[in-house]
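All remarks here apply to the structure that follows.
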Amino acid sequence: MQIARTIAEARAAIAALRAANKTVALVPTMGALHRGHLSLVRAARAACDAVVVTIFVNPTQFGPNEDFSKYPRTFDADCALLQAENVDLLFAPQPGEMYAQDATTVVEVEQISARLDGQSRPGHFRGVATVVAKLFNIVAPGKAFFGQKDAAQVAVLRRMVRDLNFNVELVVCPIVREPDGLAMSSRNRYLSPQDRRSALILDRVLRHIQSRAAAGAIDAAELIDSGLAVLADEPDVRLDYLRIVDPDTLADLPDVERGALVAIAAHVGPARLIDNVLIPSR
Ligand code: PAF
């Protein structure tokens, strides 16, 4: 596995892959890799000839009081995992390489970026869209792989790709869970054993809503109320949002008849965790 630290090195390595007629997959990450990331790498490996992974803890998607400085950085362990997956190129720049000090250009996906996590984390999706646009320009992948766990991020990036005509196919891979249901996240490392137990409530709330919907309930307000009643079992978990939305626009839906995304975000100990489930259209 080749490691590029600069954009020029990454471009040269990718040009060599293209010269060998290889199709290129991109898996953008912020490192602290877990089985969820590895499922993206494996899907990329299966779909394309060459796999490029990026590890970049992107400062512009963190708010001033968020966890940028303490976000887990586990570069050596990440490299070993990626090597074992036969990744062709790891691009791992520093912020100064990615952002000119006087950079003033951003990608703003309006409206969608102000919903769900964008409402609680103003500017977050501007940072995500901007860095992913830059990575698309640097790598020019045919396909790019993202996790369904970040359902709002997927909606923002899909819209960006459509609106700005990026020549890339977004591939969205299912949420990978621990055996007890907790969705894999780099931020699970922040959880104490007690927090870890409390965090299971996110999955329980979603399963509850999913089973009520499967049993015929359609009214979004009623489904949310029944989910909130389950959440009340864990008074230490501080809800950020529980919403039933259109998976493409992230706008609230009155009912789940035509399919819906049920998304939850909550603070558990020092971590802010997100999870979601898709309800199929009837
Ligand atoms: O999902 C993530 O890890 C990040 O938001 C991404 C897509 C790598 C952009 O920094």
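So the values come out like this:
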{"item": "Label-point gap, in nm, between Glu66 and Thr105 - each point 7 angstrom along Cα→Cβ", "result": "2.3"}
{"item": "Stretchable slack from Asp180 to Arg204, in nm (0.36 nm times residue separation minus alpha-carbon distance)", "result": "7.6 nm"}
{"item": "Principal semi-axes in Å for the stretch 36-170 [√(5λ), Cα gyration tensor, largest first]", "result": "24, 19, 15"}
{"item": "Cβ charges +1 (Lys, Arg) and -1 (Asp, Glu), total dipole of the stretch 3-45, debye", "result": "120"}
{"item": "Gln194 paired with Ala214, simple spin-label distance in nm, labels 7 Å along Cα-to-beta-carbon", "result": "3.4"}
{"item": "Degrees, to the nearest 10: 7-19 long Cα axis against longest axis of the chain", "result": "80"}
{"item": "The chain, helix-only ellipticity at 222 nm - DSSP H runs n ≥ 4, -39,500 (n - 2.57), divided by all residues, nearest 500", "result": "-11000 deg cm²/dmol"}
{"item": "Tilt relative to the chain, helix 220-231 - C-alpha long axis, 0 to 90 degrees, to 10", "result": "90"}
{"item": "Expected-Rg normalisation [2.2 N^0.38 Å, Cα atoms] applied to the stretch 1-96", "result": "1.10"}
{"item": "The chain - Debye-derived log10 I(q)/I(0), Cα point model, q = 0.08, 0.13, 0.15 Å⁻¹", "result": "-0.34, -0.91, -1.19"}
{"item": "Burial ordering of Ser186, Ser281, Ser226, fewest other beta-carbon atoms within 10 Å first", "result": "Ser281, Ser226, Ser186"}
{"item": "Listed residues Phe75, Phe145, Phe91, most fluctuating in the chain (Gaussian network, C-alpha, under 10 Å)", "result": "Phe75"}
{"item": "log10 of Debye I(q)/I(0), alpha-carbon scatterers only, for the stretch 132-181 at 0.14, 0.24, 0.27 Å⁻¹", "result": "-0.38, -0.89, -1.07"}
{"item": "Relative contact order (percent, whole number), the stretch 1-146, Cα cutoff 8 Å, 6+ residue spacing", "result": "37"}
{"item": "Highest-fluctuation residue, Ile209, Ile138, Ile55 considered, GNM on the chain with Cα pairs under 10 Å", "result": "Ile138"}
{"item": "Most positive-pole-ward Cα, Pro64, Ala32, Ile218, against dipole of the chain from beta carbon charges", "result": "Ala32"}
{"item": "Calculated from backbone phi, Karplus (6.51, -1.76, 1.60) coupling profile of the stretch 189-196 in Hz, x at Gly/Pro", "result": "5, 6, 7, 6, x, 5, 4, 4"}
{"item": "Cα convex hull of the stretch 206-282 - mean projected area over all directions, nm²", "result": "4.8"}
{"item": "Relative contact order for the chain, counting Cα pairs under 8 Å that sit 6 or more residues apart, in percent", "result": "17"}
{"item": "Angle between the chain longest axis and helix 200-214 axis [Cα atoms, degrees, rounded to 10]", "result": "70"}
{"item": "Charged-residue dipole, Cβ positions (Lys, Arg, Asp, Glu), the stretch 147-282 about Cα centre, Debye nearest 20", "result": "400"}
{"item": "Debye log10 I(q)/I(0) for the stretch 156-206, one point scatterer per Cα, at q = 0.22, 0.28, 0.32 Å⁻¹", "result": "-0.80, -1.07, -1.26"}
{"item": "More than 26 angstrom apart: percent of Cα pairs within the stretch 138-258", "result": "33"}
{"item": "The stretch 50-126: Cα Rg divided by the 2.2 N^0.38 Å rule of thumb", "result": "1.33"}
{"item": "Rg/Rh for the stretch 185-229, where both radii come from Cα atoms and Rh is the Kirkwood radius", "result": "1.13"}
{"item": "Where GluC sites (Glu not before Pro) fall in DSSP loop in the stretch 68-144, at most 16 other Cβ within 10 Å", "result": "Glu108, Glu110"}
{"item": "Length added when fully stretched, Gln2-Gln83, from 0.36 nm per residue minus Cα-Cα", "result": "28.2 nm"}
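Rule-based calculations on the coordinates, nothing more; no lab input. The structure displayed is predicted, hence computed values, not measured ones. Backbone-built Cβ (ideal geometry, glycine too); neighbour counts: all protein chains shown.
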